[in-house]
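Data block below; observations after.
The values are calculated or read from the model by the stated rules, or taken from the named source; none is laboratory data. These figures come from a predicted structure and were not determined experimentally. Heads up, the Cβs are rebuilt from the backbone with ideal geometry, glycines too, and the neighbour counts pull from every protein chain shown.
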Ligand code: NA7
């Protein structure tokens, strides 16, 4: 069989016909684009995906109420104006089924599935130092050799199942929002306990309350949530959005969060109290995560941040009729926006229902589960089902769960034991020709992840093509560049209030996980400039041989 594409490098000569240029792990937004982009460059690729179809996080998160908190027209691929025009979003914030349909549409349109092996977990990725190739081991027992590896395994995909006392004895259904069943789950007539009030719990609970007999919300930490103000697009509005797609994208690429909205231009105390209140109200009326960008100093100045806290607390008190319940819902242990802000539809309102009970686990902890109950310190509740909305081992979890071994058999998990290190969030010293998409040290979860994925895959594609053109075959981050990138990322984070919260951004939700601020906080445009500079400067900080 003849090998398509660029002239083979030295490493390519070590490949047999069944081998590929690139193994891609994961077929979510990042992996799907990697299949398309790298294949279009003439590379032979194989992608492996644990699910039975494309989608990644949107394949697994099928819980009622699951939506993206980035607006649909922005949370979609920008690389193809044709696809932008062919697909029509129906709502401001797309539901999980609609996002998954979009991904399936793209997979059909670009014929991606022919290079994706589904229902297959990549268990190991080992460097063969003799031939400088990688060998990926699958759950199906296959060994696939490749010149390059792209780990697109997702920043929010390794689910966190906390160790709960007596859970083994519980005989009801136990569901995790991040691994929801594919068949419909009936809750009518059932008493359902939910652990977790992050984005997933906050989206799920109002939907559950509509069908379940009773919902018991087991809250460890209250979160700040902003109303989504979701609406359906009317045809004219959608036509206008599509007509302006290029300008919209240009704005998105230039904004820190990868969304087409200008940064705030006023600081909190540059306006008087009435004006500040009016501006907060206006942004509250617009809805969504943009509320975090109401004033330019909200995330850097504690006094400014306290104004946003006060405003949201007032909104919660004004919405929830029972003052004691409202009080339990007030986030007090972290500044506003320092944990991932939640975006909801009728979350605070749901606590006005008699069939929704809120428990503060800090005062009334879970003692243990029985066969059909949860025993709290204050007494037992009979429950039929338990939903774990307990989140993820974010950013690093999906990477460290794979047995990734680089030079001298070193395990990535061990290398990162006291905190992840990378260069540009994409490369790791000792792991040549291996790239990570949305890894630690890249903007990932702090920006629109469809765009961050596109940008990184693009950069990786250019890098591989450049190596092949120049007859080079190994690219590896130097230890010095990796260390400096880590210092740079930490320095950027130091100026932010983000470090003050026990959030999954710093790994605080996983017992024993080292406390490191995981994403790059300098914003998407600055990050893209840094990546471009590195490439233009002959891959500064990489050893290319
Ligand atoms: P999150 O945001 O990590 O939320 C998980 C929630 O589960 C949070 O309220 C946690 O409380 C709670 N939790 C976790 N472990 C426990 C235990 N052991 N006991 C009680 N409560 C617990 O995950 P989500 O899935 O909601 O959202 C993840 C991201 O996906 C989201 O930010 C969006 O970007 C999309 P805690 O706050 O740790 O006290």
query: Going by the structure shown, is residue 184 at pLDDT below 95 and at negative phi?
result: yes
message: Would you confirm, using the coordinates I've provided, whether residue 241 is crowded, with 18+ Cβ neighbours inside 10 Å and either on the phi > 0 side of the Ramachandran plot or not assigned by TED's automatic domain parsing to the domain that holds residue 359 (or both)?
response: yes
query: Do we have residue 380 as buried (at least 18 other Cβ atoms within 10 Å of the Cβ) and either within 12 Å of the ligand (Cβ to nearest atom) or closer than 23 Å to residue 175 by Cα (or both) here?
result: no
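Step by step: first the residues of the range 244-254, then only those that are part of a helix (DSSP H, G or I) and touching a helix residue (DSSP H, G or I) at 6+ places or on another chain (Cβ under 9 Å), then the one that is surrounded by the fewest Cβ atoms within 10 Å (Cβ to Cβ). Which residue is that?
Once the filter is applied, the top-ranked residue is 246.
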statement: Per the filter on the range 139-158, residues within 11 Å of the ligand (Cβ to nearest atom) and surrounded by fewer than 13 Cβ atoms within 10 Å (Cβ to Cβ) are none
message: Out of the residues in the range 212-238 meeting the condition of being crowded, with 20+ Cβ neighbours inside 10 Å and more than 16 Å from the ligand (Cβ to nearest atom), tell me which one is nearest to residue 343 (Cα to Cα).
response: 227
query: If you scan the range 514-537, which residues turn out to be assigned to a loop (DSSP other than H, G, I, E, B) and buried (at least 21 other Cβ atoms within 10 Å of the Cβ)?
result: 516, 517, 518, 519, 520, 521
task: Write out, first by first residue and then by second, each pair whose Cβ atoms fall under 6 Å of each other, whose residues are 6+ apart or on separate chains, and whose first residue, in the range 195-211, is touching a residue at least 24 places away in the same chain (Cβ under 8 Å) and in the same structural domain as residue 329 (by TED's automatic domain parsing) while the second is within 9 Å of the ligand (Cβ to nearest atom) and in a helix (DSSP H, G or I).
output: 200/177
- prompt: Which helices (runs of 4 or more DSSP H) sit wholly inside the range 335-425 and have at least 2 residues that are in the same structural domain as residue 294 (by TED's automatic domain parsing)?
  reply: 347-350
task: Tell me, yes or no, whether the range 159-177 has at least one residue that is more than 13 Å from the ligand (Cβ to nearest atom), more than 28 Å from residue 403 (Cβ to Cβ), part of a strand (DSSP E or B) and within 27 Å of the chain's Cα centre (by Cα).
output: yes
- prompt: Got at least one residue in the range 47-68 being in the same structural domain as residue 96 (by TED's automatic domain parsing), farther than 30 Å from residue 231 by Cα and assigned to a helix (DSSP H, G or I)?
  reply: no
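Within the range 191-200, does at least one residue satisfy the condition of being away from the ligand (no atom under 16 Å from the Cβ) and out of contact with any helix residue (DSSP H, G or I) (no Cβ under 9 Å at 6 or more places or on another chain)?
yes
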query: Considering 434, 446, 451, 388, which residue is within 16 Å of the ligand (Cβ to nearest atom), crowded, with 22+ Cβ neighbours inside 10 Å, over 14 Å from the mean Cα position of the chain (by Cα) and modelled with pLDDT of 95 or more?
result: 388
message: Any residue in the range 163-187 that is closer than 18 Å to residue 60 by Cα and touching a residue at least 40 places away in the same chain (Cβ under 8 Å) sitting within a Cβ distance under 6 Å of a residue that is more than 16 Å from the ligand (Cβ to nearest atom) and not in a loop (DSSP other than H, G, I, E, B)? List the pairs, counting only those 6 or more apart or interchain.
response: 173/385
- request: State whether one or more residues within the range 463-484 are within 16 Å of the ligand (Cβ to nearest atom), in contact with a helix residue (DSSP H, G or I) (Cβ under 8 Å, 6 or more places away or on another chain), under 29 Å from residue 77 (Cα atoms) and at pLDDT 95 or above.
  value: no
message: Against the condition surrounded by fewer than 21 Cβ atoms within 10 Å (Cβ to Cβ), within 16 Å of the ligand (Cβ to nearest atom), at pLDDT 95 or above and not assigned by TED's automatic domain parsing to the domain that holds residue 341, how does residue 501 come out, does it pass?
response: yes
message: Here is a check on your reading of the model: is residue 52 away from the ligand (no atom under 16 Å from the Cβ) and within 16 Å of the chain's Cα centre (by Cα)?
response: no
- prompt: Identify, please: which residue in the range 352-377 is closer than 21 Å to residue 329 by Cα, touching a residue at least 60 places away in the same chain (Cβ under 8 Å) and more than 13 Å from the ligand (Cβ to nearest atom) and is, among those, surrounded by the most Cβ atoms within 10 Å (Cβ to Cβ)?
  reply: 356
query: Does residue 506 count as assigned by TED's automatic domain parsing to the domain that holds residue 149, at pLDDT 95 or above and over 27 Å from residue 335 (Cα atoms)?
result: no
